[in-house]
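The values are calculated or read from the model by the stated rules, or taken from the named source; none is laboratory data. The structure presented is a predicted model; accordingly, all values stated were derived computationally and were not measured. Cβ placement follows ideal geometry from the backbone for every residue including glycine, while neighbour counts extend to all protein chains displayed. Surface accessibility is based on the protein's heavy atoms, side chains included, excluding ligands, DNA and RNA. Shrake-Rupley method; radii C 1.70, N 1.55, O 1.52, S 1.80 Å.
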Amino acid sequence: MLGLMMNYPLTVPGLLDHGYRIFPQSEIISILPDKTRHVYRYADLYRRSKKLQYALLHKLQVQQGDFVGTYAWNHYQHMELYFAIPGAGAVCHTLNIRLSGAQTEFIINNAEDRYVFVDASLVGTLEQIAALLPTVKKYIILNAPPGFSSSLPEFLLYEELIADCPEDGSWVQVEENDACAMCYTSGTTGLPKGVLYSHRSTCLHAIFLSLPNYASISSSDRILIVVPQFHVMAWGLPMAAVLAGAAVVLPSSQMQPENLVRMIMEERVNKAGGVPTIWQGVYNVLKKTGAANIPLKTFLIGGATAPPSLIENYQRDFGVEAIHAWGMTETSPVGTLSRLHPHHSLLPDAEKIKIRSMQGQQLPFTEIRAALENGEIAPRDGKTVGEVQIRGVWVINAYFKSNSQESFTEDGWFKTGDVGIINQEGYLQITDRAKDLIKSGGEWISSVALEVSLMAHPLVKEAAVIGIPDEVWSERPMAVIVPMEENTQLDEQELKTFLSGYFVKYQIPDKFKYVKEIPKTSVGKFDKKKMRQLYAEGKL
Ligand code: ADP
């Protein structure tokens, strides 16, 4: 028998309606690419999103289901695009501004974007490929300075486009399972693939993420969203914030650690989200300048393994709680998140850090498991390693324009390509990406485990470990290290001795390379594909 309750759709504009009605005074602060500070309130976000939605429908003739690209930093106009594009029944396709021209061309053509909204400071790449983008009818320029000019064909200025539009139109009615946004995987392990989010998956992700056991977001929070809006919808934080009425701080291009620390202090930021590289940089600045009266209480850290030493350092030195989370474009992105429970409170500090350094537990209505090579499910014993699989309300069902079932199991789980262990309490620990594991003499070595240990050494700033071909062992680990102080050579023997406290002999790298910088992907992760390639070409 069916329940007798209303079938009220979960939609992205519905999130904004709620934020506007209940929290019209909540602030959105943007530090723009030209360093100016822009501040307005949810009431303005709502009003301007309505104007933009009108412009999309009536000036640009956007049709339901059209793809509309954004190529922009984190700021208030990007927030307006997040709501107005789905509000016009179209799909907000966030483009990664750090990809090459060729990758961007592939992605825009694959998505068949009709329009692209682009920051004035970012037009360069698009100017070079515009002739190769036949589906794009017009470019709309955000934050254009006076006298702006560009070789982009047929461009309009955002502020002029929306200036005379009415602000009282109705959102286009959609079904909750309709698409609202799309993001391509960053292509770390292959060609980028489109992940098409639905209104429903986006709303549910925002609702659950904001609960106290997860990101814990409320109207008393002031959240610095460092993770880019072009990367998995900034981890869903803008949606969760608007639902909860939290103040939002958006750094645009001003992402240097010194600037972030200034924003934390001046904007009284108490929560934030970003990748480990960002938090390492912020830590180094705070260590130098001191963190007296720092308003920051907790931040989400994820996208790559958070070194336990970093989580511990924040806690010990500044009393700031780093919350480790794991996920991917295909999981909207939050898959697991690590928090302690009351029964952990009596554990020694070192044990607590160990738990918090794991990638954490699944969220409601999502499930994780680890699968062995023979397809059997690994026991949750804290030691059996398997491929991590996930299913749930905000997990991908199929890639955009793809019939491939390669990434899915027969019983409908998504194969993440990550390898890990799940313990009795359901905490996941990622040990590696399947493609980054090193197989030496038939034994697996976790590159991640070596990296986090090396980064706990006081003279090591960053460390990445890759497998290099070896005639005897087929592969051996090699460590690529950025020393804490520039131009210092670390003693290799000393590092080996340091590692021997945690690893058996065959797992310890034979080679150590010292570099100024480790190659990173477009979203700031160690680019091991590039490193392996550089090594093969003798350039590392
Ligand atoms: P790409 O796959 O192109 O790098 P994503 O941003 O979707 O783009 O990356 C997802 C991957 O990042 C995961 O599959 C995992 O390998 C890694 N990752 C994300 N969060 C964590 C984490 N907390 N610890 C370890 N690895 C992580």
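Per residue, the convex hull spanned by the Cα atoms of the stretch 1-153 amounts to 146 cubic angstrom.
State in Å² the accessible area per residue of the stretch 71-221; use a 1.4 Å probe, count heavy atoms of protein chains only, and round to the nearest integer.
Values: 5620 Å² over 151 residues.
The answer is 37 Å² per residue.
For the peptides 6-18, 301-313, the ranking by mean Cβ contacts within 10 Å, running from highest to lowest, is 301-313, 6-18.
The charge dipole of the stretch 437-536, taken about the Cα centre with unit charges on the Cβ atoms of Lys, Arg (+1) and Asp, Glu (-1), comes to about 380 debye, rounded to the nearest 20. So what is log10(I(q)/I(0)) for the chain at q = 0.08, 0.09, 0.13 1/Å, when the Debye sum runs over its Cα atoms only? Log-scaled intensity ratios, in q order: -0.52, -0.67, -1.41. Report, in degrees rounded to the nearest 10, the 0 to 90 angle that the Cα long axis of helix 42-54 makes with the longest principal axis of the chain. Approximately 70 degrees, to the nearest 10.
Taking each residue as 0.36 nm, the span from residue 213 to residue 402 lengthens on full extension beyond its C-alpha to C-alpha distance by 64.5 nm. Given the options 60, 362, 293, identify the residue whose Cα lies farthest towards the positive end of the charge dipole of the chain (+1 on Cβ of Lys, Arg; -1 on Cβ of Asp, Glu). Of 60, 362, 293, it is 293.
Relative to the longest principal axis of the Cα atoms of the chain, the long axis of helix 257-266 makes an angle of roughly 60 degrees. Accessible surface area normalised per residue over the stretch 381-466 is 43 Å², counting heavy atoms of protein chains with a 1.4 Å rolling probe. Taking every alpha-carbon pair under 8 Å whose residues sit at least 6 apart, the chain reaches a relative contact order of 11 percent. Taking every DSSP bridge with both residues inside the chain, close to 55 percent are antiparallel. If you count the DSSP beta bridges with both ends in the stretch 266-356, what percent of them are antiparallel, to the nearest 5? For the stretch 266-356, the DSSP antiparallel bridge percentage is about 25.
Counting only DSSP beta bridges whose two residues both lie in the stretch 60-210, roughly 20 percent are antiparallel. Could you state the angle between the C-alpha long axis of helix 12-22 and the longest principal axis of the C-alpha atoms of the chain, as a value from 0 to 90 degrees rounded to the nearest 10? Between helix and principal axis, roughly 80 degrees. For the stretch 1-83, the set of chymotrypsin sites (Phe, Trp or Tyr not before Pro) satisfying both a DSSP loop assignment and a count of at most 11 other C-beta atoms within 10 Å is empty.
Out of the stretch 398-483, which trypsin sites (Lys or Arg not before Pro) are coil in DSSP terms and have no more than 11 other C-beta atoms within 10 Å?
401
Could you sort out which of 352/439; 193/520; 354/530; 288/516 sit more than 28 Å apart by Cα distance in this structure? With Cα atoms farther than 28 Å apart: 352/439; 354/530.
By accessible area, using a 1.4 Å probe on protein heavy atoms only, the stretch 437-536 has 51% of its surface on carbon and sulfur. In the stretch 115-195, the portion of solvent-accessible area held by carbon and sulfur atoms comes to 50 percent [1.4 Å probe, whole percent, DNA, RNA and ligands not counted].
Would you tally the net charge around residue 247, using a Cβ to Cβ cut-off of less than 9 Å, leaving residue 247 out, and scoring K and R as +1, D and E as -1? Net of charged neighbours comes to -1. Spread over its residues, the convex hull of the C-alpha atoms of the stretch 23-255 is 121 Å³ per residue.
Sorting 80, 160 on solvent-accessible area from highest to lowest, probe radius 1.4 Å, gives 160, 80.
Relative protection proxy for 149-159, 95-105, from highest mean packing down: 95-105, 149-159 (other beta-carbon atoms within 10 angstrom). About its Cα centre, the chain has a charge dipole of approximately 580 debye under the convention of +1 per Lys or Arg Cβ and -1 per Asp or Glu Cβ, with nothing else charged.
Using r as the Cβ-Cβ distance of residue 317 and residue 504, and R0 as 25 Å, what FRET efficiency do you calculate, to the nearest 0.05?
0.20
Cα centroid separation, the stretch 261-300 to the stretch 460-502: 29 Å.
Cross-link check: pairs 383/496; 383/435; 271/435; 383/505 evaluated at a Cα-Cα cut-off of 27 Å; pairs beyond the cut-off: 271/435. Calculated mean residue ellipticity, 222 nm, the chain: -8000 deg cm²/dmol, from DSSP H runs (n ≥ 4) at -39500 (n - 2.57) each, averaged per residue and rounded to 500.
Annotation for residue 21 and residue 491: the two label points, set 7 Å from Cα along the Cα-Cβ direction, are 6.8 nm apart. Within straight cross-link reach of residue 51, meaning Cα distance under 23 Å, which lysines are found once same-chain residues fewer than 8 apart are removed? Within the straight-line cut-off, residue 51 pairs with 59, 137, 138. Here's the picture: charge each Lys and Arg Cβ at +1 and each Asp and Glu Cβ at -1 in the stretch 437-536, and of 442, 458, 514 the one pushed furthest to the positive end of that dipole is 442.
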